[in-house]
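The values are calculated or read from the model by the stated rules, or taken from the named source; none is laboratory data. All of these numbers come straight from a predicted model, not from anything done at the bench. Cβ coordinates were reconstructed from backbone atoms using ideal geometry, including for glycine residues, and neighbour counts include every protein chain displayed.
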């Protein structure tokens, strides 16, 4: 009975701890970045009869170096850095793709040929061309875009999923362009077609959430283990004490039988052998001498 009570107490304690941690709101995450090696621009040309492909081409104005996102007050600030300069020309196209905690996409397009404006923000169920006060950096290596969380639906988190830059060439009856792309974990260098050995992108937000989860789960497991050990120790003591109490006194029926089996005190004394001292009186006399028999 006691053990069942202890188990109920343990279950209630664990449920209270879990509910307490579950009621703590998750911390919003708006900090993320992607790094990309330079001199890794690709070239593609295709016509009706032939095609051409080149890797690691020099094209600094679309060569991605880094993209990042940060929160400042109630606004989100996104930056794109290239090796050369971000140019406001019709043939150039810069895009940054974001994603929230539910997998919804948010896209920033920079370039005159995109959506009829120089900077356009797309978000779930909407989109708009940003005012000049919301972006800056044409003619420099770093382009900055800012927007309010309220106007995009207040997502709980945003992270960068991909960055792409394109330089389209005007040519008749053929497609020709340069492009560079960067995604988490796909940084490449100009001297190799494979992953770069000089950089190792780390998703800080995901590692942080993993550490928080471990910090919550490990104390709970320790508390449960301690309580289980205490319950086992207390249960073992109770089991060890009950047999002692059970065998200290025989049942009432056996007490009567034991009393009947004991003979009266007088019979016990009669059946007892005499003490060693009394045996000297009962010994037979010694035999007569042979000399007395002759006479």
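Some values worked out for this structure:
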{"item": "Hey, residue 135 more than 19 Å from residue 161 (Cβ to Cβ) and touching a strand residue (DSSP E or B) at 6+ places or on another chain (Cβ under 8 Å) or not", "result": "yes"}
{"item": "Answer residue from region 31-76, given it is closer than 24 Å to residue 146 by Cα, touching a helix residue (DSSP H, G or I) at 6+ places or on another chain (Cβ under 9 Å) and crowded, with 19+ Cβ neighbours inside 10 Å and is modelled with the lowest pLDDT among those", "result": "32"}
{"item": "Qualifying residues in region 127-138 (those that are assigned to a strand (DSSP E or B) and without any contact (Cβ under 8 Å) to a residue 24 or more places away in the chain) - the one farthest from residue 86 (Cα to Cα)", "result": "127"}
{"item": "Residue within region 92-109 that is in contact with a strand residue (DSSP E or B) (Cβ under 6 Å, 6 or more places away or on another chain) and farther than 21 Å from residue 183 by Cβ present", "result": "no"}
{"item": "Some residue of region 115-128 being more than 20 Å from residue 179 (Cα to Cα) and touching a helix residue (DSSP H, G or I) at 6+ places or on another chain (Cβ under 7 Å)", "result": "yes"}
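This table checks each residue for (1) at pLDDT 95 or above; (2) under 19 Å from residue 110 (Cα atoms).
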site: 127; (1), (2): no, yes
site: 132; (1), (2): no, yes
site: 142; (1), (2): yes, yes
site: 147; (1), (2): yes, yes
site: 157; (1), (2): no, no
site: 161; (1), (2): yes, yes
site: 168; (1), (2): no, yes
